[in-house]
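Colleague: Please see the structure below; I have some questions.
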Amino acid sequence: MLNRNRSLRRAAENISEEITPAPGETKAARFKTWLAEKLAVPRYCATHPHTRLVFERSDKGGIFKVYEELRYGYDPHERPGVFDFRAALRCPACRCAYALCPPESHTTSFETFDTSTPERANALARCREFAAQVNTQRCGFALLVGKSGNGKTRLACNVVSELDNGDALYVRQGQLTLALRATYGRKDVFLHRRHDEAGDDEPPTPLEIVQVVRFLVLDEIGCKSLANDELLFFDELLKHRYDEQKPTILISNLALDQLKEFLGDALTDRIKHATGNGKFILQFEGDSYRRTTGENYLEGLR
Ligand SMILES: [Zn+2]
């Protein structure tokens with residue numbers, strides 16, 4: 001249920017070229033212009049033919065490194081001043097598919113988000129800011145609350161597609177409950193099992209999966225009241241991600257006051273703190289956007 005397809009995380013395309021910078025031109029400056037030239041020609045994903053590939057920026061924890069380097073001294077083809085420029089390109093839609101985002105969000109982006117009301121324009125701006133914050137600081141929570149059908153899930157998935165680090169996971173609270181309860185027959189699973197207590201061949205527990213992942217989107221929080229085992233799971237998860245400063249988006253259809261009641265004071269305080277004292281708490285009050293675009297659903301996924 002929480003298994004991701006690792007093949008979707010590979011670079012969609014790798015480009016490389018030997019380049020000789022002009023006299024006085026720095027290696028870094030030439031790399032930038034070289035990359036801009038390469039990206040000026042649109043390149044598309046084989047799986048998502050309408051989604052343009054983007055530069056896979058370097059990230060410490062990422063799989064792909066983007067770099068410029070002097071050819072190695074032992075290379076028989078070495079020529080002084082010649083640089084081996086390389087760049088990996090990734091597909092934003094594949095990034096969302098890897099994270100298990102809902103399919104209808106895969107090929108959407110910040111650029112195509114409807115900003116016809118000030119509330120929606122503000123939500124978009126904040127989500128862009130949050131994505132940039134995660135890319136630079138690698139921490140922070142965002143909380144998206146309010147009426148359903150206003151694009152909360154879609155914006156969260158758009159954040160996922162912008163991240164430099166591809167280790168992201170989207171999950172609904174109900175899925176977590178099902179995953180948790182599916183382990184009840186497994187004798188080896190304990191809620192608090194530590195990593196070093198698990199054998200190599202034992203699959204991670206649902207709690208470990210959502211604790212360990214670099215970026216988590218947890219949707220549909222508070223749809224229904226939680227049983228004791230769900231409460232414990234949820235509490236452990238959020239405390240862990242707060243304590244470890246792991247970036248997280250929380251989404252709920254509840255109004256903010258109702259959600260505070262659902263979470264309790266301790267978790268509410270942590271979340272408020274992790275959102276920059278409310279900077280990344282977005283409340284959606286408008287009418288459902290989904291209601292006015294229903295006919296698009298019948299046209300299928302694009
Ligand atoms: Zn793709």
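The values are calculated or read from the model by the stated rules, or taken from the named source; none is laboratory data. Values in this document were obtained by computation on a predicted structure and should not be read as measured data. Methodologically, a virtual Cβ is constructed for each residue, glycine included, from the backbone with ideal geometry; neighbour enumeration extends over all protein chains shown.
Colleague: Taking interchain pairs and intrachain pairs at least six residues apart, which have beta carbon atoms under 8 angstrom, with the first residue in the stretch 18-40 and part of a helix (DSSP H, G or I) and the second exposed (fewer than 11 other Cβ atoms within 10 Å of the Cβ)?
Modeller: Sorted first by the residue in the stretch 18-40, then by its partner, the pairs are ARG30/ALA22.
Colleague: Which of the residues spanning the stretch 1-23 are within 14 Å of the ligand (Cβ to nearest atom) and either surrounded by 12 or more Cβ atoms within 10 Å (Cβ to Cβ) or of a type outside the set (S, T, N, Q) (or both)?
Modeller: LEU8, ARG9, ARG10, ALA11, ALA12, GLU13
Colleague: Can you tell me how many residues within the stretch 84-99 are within 16 Å of the ligand (Cβ to nearest atom) and out of contact with any Leu (no Cβ under 6 Å at 6 or more places or on another chain)?
Modeller: Total meeting the criteria: 6.
Colleague: Now for a separate question. Out of everything in the stretch 264-277 that is more than 16 Å from ILE221 (Cα to Cα) and hydrophobic (A, V, I, L, M, F, W, C), what residue ends up being modelled with the highest pLDDT?
Modeller: ALA274
Colleague: Does LEU100 meet the test of being in contact with a strand residue (DSSP E or B) (Cβ under 8 Å, 6 or more places away or on another chain) and at pLDDT 95 or above?
Modeller: Yes.
Colleague: Let me ask something additional. Of the residues LEU163, LEU144, only one is in the same structural domain as GLY276 (by TED's automatic domain parsing) and away from the ligand (no atom under 16 Å from the Cβ); which?
Modeller: LEU144
Colleague: Could you tell me which of the residues GLU261, GLU285, GLU244 is at pLDDT below 90 and surrounded by fewer than 15 Cβ atoms within 10 Å (Cβ to Cβ)?
Modeller: GLU285
Colleague: Can you name the number of the only condition in (1) more than 12 Å from the chain's Cα centre (by Cα); (2) within 16 Å of the ligand (Cβ to nearest atom); (3) more than 19 Å from LEU216 (Cβ to Cβ) that PRO102 fails?
Modeller: (3)
Colleague: Go through ARG86, ARG126 for me and flag whichever is touching a Ser or Thr at 6+ places or on another chain (Cβ under 6 Å), over 26 Å from ARG4 (Cα atoms) and of a type outside the set (A, V, I, L, M).
Modeller: The conditions single out ARG86.
Colleague: Note down all Cβ pairs under 7 Å where the first residue falls in the stretch 82-96 and is in contact (Cβ under 8 Å) with a residue 60 or more places away in the chain, the second is among the small types (Gly, Ala, Ser) and within 8 Å of the ligand (Cβ to nearest atom), and they're at least six residues apart or on different chains.
Modeller: Short answer, once both residue conditions are applied: LEU89/ALA12; ARG90/ALA12; CYS91/ALA12; CYS94/ALA12.
Colleague: Mind checking which residues of the stretch 219-234 are assigned to a helix (DSSP H, G or I) and in contact (Cβ under 8 Å) with a residue 60 or more places away in the chain?
Modeller: Scanning the stretch 219-234 gives a single hit, PHE234.
Colleague: To continue, here is another question. Please indicate, with yes or no, whether at least one residue in the stretch 252-268 is assigned by TED's automatic domain parsing to the domain that holds CYS223 and within 21 Å of VAL160 (Cα to Cα).
Modeller: Yes: the stretch 252-268 contains one or more residues that are assigned by TED's automatic domain parsing to the domain that holds CYS223 and within 21 Å of VAL160 (Cα to Cα).
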